[in-house]
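Read through the structure below, which is laid out as structure tokens, and then see the notes.
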Amino acid sequence: PPTILWFRRDLRLSDQAALIAAAGEGPVIPVYVLDDETPKHRKMGGASRWWLNHSLASLDASLRAKGSRLILRSGNSAQVLTELAKETGAVRVHALHHYEPWWRNAERAVADALDLCLHDGNYLLPPGTLRTGSGGLYKIYTPFWRALSEHMPPAPPQPAPAHIAAPGKWPESDDLSGWNLLPSKPDWAKGFSADWTPGEAAARERVADFLDEAADYDHARNLPSREGTSRLSPHLHFGEISPAYVWNRLAKAKGNATVFLKEIAWRDYAQNIICQFPAYGRENGRAAFDTMAWRDLREARGDFAAWKEGRTGYPIVDAGMRQLWATGWMHNRVRMIAASFLIKHLLIDWRHGEQWFWDTLVDADYGNNSVNWQWTAGSGVDANMFVRIMAPLTQSPKFEAADYIREWVPELAGLPDAAIHDPETAGRRPDGYPAPIIGHREARERALLAHRKMKG
Ligand code: FAD
């Protein structure tokens, strides 16, 4: 009988252990299930759906080049796979492990009905395996990194099988366009394709391009005006490339790659956190934050909208939020500034920001997003202290963001470096650009007061 290969966010043919195992057993039925129904499922956001559409098309083309194809089905994963097995006579399903709570639920349900073989390969080490001296999982990044690096480098990546045997008869497949993953009216993603090419081949090209710049990463990664980072995040999120491949290529790059490898390890750390705290996307890591008096969103609605639309009057924040909307991605330094601004300057619960990022980022990732939001809020198990309040107007010149602001906030493009970070104070705010929606000092005092009143 044929074997089912269940793709999720591991949309590649190289270094894909489930594919290698399935192909070794005979005919393979590769399937992707669009699942919004498994219990606790968190529906994929709009920007991610745009990416998924193109990534699936690319995967199908790569499979066809090897004599196979991709079958598309939608619904509850366990029900869909059971049905597909019945139709085709398959009994075994190969898949890579995933750690989001809904995927774990789906894996349990599939394993109840079919012979499910799970393989590793989406992380440097299987999340949940590294143990502290006392036998628990790591909660703090730095000791996690130390333990992880002792197991590095990861095993050399495996090549894709040369040929993938087809079943005697292909089962029915949905039509990708019928899934309506792309926005129609308005087409808010029209700018995305200038920046991004989803798919495995493009992911590998990004790695190759980045090898030359990696030597300067340590310095350049903090400067939003430069293309100093790899932009691999959506490719890694959708598993178009394996972290083992990235690690092995980068470790051989010119210069010191450690700073970059430490960032890749944050991905593993975040999964290790959601293994321990599956509800991390909605529950505070520190219970004291349950008593924090965030502003009521009904009262703060105007401020929240100004943040989302990049009209806060803080140029660096507005540039970031507009970059996010236009391209589905935001520079990491600016993500930190914009998130901190929402949480502390506007005193809006981090969960609202997390949700907005979830919907608008092409790299929206349950582990990475919730861990970074909770880190910024101070509510995480490993987190920045809430009372350390970032000053956007100081961060902006410090990280040389002038050209970045010019690119994303055209109203300010004519201002000199000396005025562009804080046009209000410089007396140079043009008509059509808003005054700051709250002053830094006033916001800081309000946030610190709310934090002092927190219980515990
Ligand atoms: P590079 O600097 O080239 O890093 C290489 C890879 O390392 C990234 O592709 C990513 O996979 C990983 N990485 C780097 N920094 C982090 C980090 N802090 N945490 C976890 N992994 C990291 N990243 C996501 O992938 N998805 C998210 O939903 C997400 N939400 C975030 C929300 C906030 C509030 C903040 C502050 C950060 C968030 N990040 C998220 C982390 C980080 O901003 C992005 O991974 C990074 O900007 C992606 O760009 P890059 O690929 O060029 O990164």
Of the criteria (1) part of a helix (DSSP H, G or I); (2) surrounded by 13 or more Cβ atoms within 10 Å (Cβ to Cβ); (3) without any contact (Cβ under 8 Å) to a residue 40 or more places away in the chain; (4) not acidic (Asp, Glu), which one GLN395 fails: (3)
THR229 being polar (S, T, N, Q), near the ligand (Cβ under 10 Å from one of its atoms) and not in a helix (DSSP H, G or I): yes
Criterion violated by VAL93 - all others in (1) in contact with a Lys or Arg (Cβ under 9 Å, 6 or more places away or on another chain); (2) among the aliphatic types (A, V, I, L, M); (3) within 18 Å of ALA21 (Cβ to Cβ) satisfied: (1)
Residue check for ALA265: in a helix (DSSP H, G or I), crowded, with 19+ Cβ neighbours inside 10 Å and modelled with pLDDT of 95 or more: yes
Residue ID - surrounded by the fewest Cβ atoms within 10 Å (Cβ to Cβ), chosen from residues in the range 209-254 that are under 17 Å from the mean Cα position of the chain (by Cα) and small (Gly, Ala, Ser): SER233
Meets criteria (in contact with a Pro (Cβ under 6 Å, 6 or more places away or on another chain) and among the hydrophobic types (A, V, I, L, M, F, W, C)) for ALA165: yes
Sole residue being surrounded by fewer than 16 Cβ atoms within 10 Å (Cβ to Cβ) and free of Cβ contacts under 8 Å to residues at least 12 places away in the same chain, chosen from PRO410, PRO430: PRO410
Enumerated helices (runs of 4 or more DSSP H) restricted to the range 323-391, each holding at least 3 residues that are more than 10 Å from the ligand (Cβ to nearest atom): 350-360
The range 360-388, subset small (Gly, Ala, Ser) and surrounded by 22 or more Cβ atoms within 10 Å (Cβ to Cβ), residue farthest from LYS453 (Cα to Cα): ALA364
Any hit, the range 250-266, residues being touching a Phe, Trp or Tyr at 6+ places or on another chain (Cβ under 7 Å), basic (Lys, Arg) and not assigned by TED's automatic domain parsing to the domain that holds LEU361: yes
Qualifying residue in the range 434-443 (condition: within 16 Å of the ligand (Cβ to nearest atom) and not in a loop (DSSP other than H, G, I, E, B)): no
Hits in the range 314-348 - residues which are touching a Ser or Thr at 6+ places or on another chain (Cβ under 7 Å) and β-branched (Val, Ile, Thr): ILE316, ILE343
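Results for (1) farther than 28 Å from ARG295 by Cβ; (2) within 30 Å of the chain's Cα centre (by Cα), shown as yes or no for each residue.
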residue: PRO397; (1), (2): yes, yes
residue: GLY432; (1), (2): no, no
residue: ILE437; (1), (2): no, yes
residue: GLU445; (1), (2): no, no
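Among the residues of the range 305-339, count how many are of a type in the set (Ser, Thr, Tyr) and buried (at least 24 other Cβ atoms within 10 Å of the Cβ).
Of the residues in that region, 2 qualify.
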Qualifying positions in the range 33-60 - among the basic types (Lys, Arg) and either free of Cβ contacts under 8 Å to residues at least 60 places away in the same chain or outside the structural domain of ASN76 (by TED's automatic domain parsing) (or both): LYS43
Positions within the range 105-116 being surrounded by fewer than 17 Cβ atoms within 10 Å (Cβ to Cβ) and either part of a helix (DSSP H, G or I) or touching a residue at least 40 places away in the same chain (Cβ under 8 Å) (or both), in sequence order: ARG108, ALA111, ASP112, ALA113
Candidates ALA306, ALA279, filtered to the one that is in a helix (DSSP H, G or I), away from the ligand (no atom under 16 Å from the Cβ), of a type outside the set (Ser, Thr, Tyr) and touching a Pro at 6+ places or on another chain (Cβ under 9 Å): ALA306
Residue check for GLN355: surrounded by fewer than 19 Cβ atoms within 10 Å (Cβ to Cβ) and within 24 Å of LYS190 (Cα to Cα): yes
Residue tally, condition over 32 Å from the mean Cα position of the chain (by Cα) and outside any loop (DSSP other than H, G, I, E, B), over the range 418-430: 2
Test: residue in the range 282-302 that is within 16 Å of the ligand (Cβ to nearest atom), among the hydroxyl-bearing types (Ser, Thr, Tyr) and either out of contact with any helix residue (DSSP H, G or I) (no Cβ under 7 Å at 6 or more places or on another chain) or within 24 Å of TYR138 (Cβ to Cβ) (or both): no
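Could you look through the range 398-413, keep only residues that are away from the ligand (no atom under 14 Å from the Cβ) and outside any helix (DSSP H, G or I), and pick out the one that is nearest to LEU181 (Cα to Cα)?
Only one residue fits best here, namely VAL409.
The values are calculated or read from the model by the stated rules, or taken from the named source; none is laboratory data. Only a predicted model underlies this, so the values are computations on that prediction, with no experimental measurement involved. Every residue, glycine as well, gets a Cβ built from its backbone with ideal geometry; the counts of neighbours run over all protein chains shown.
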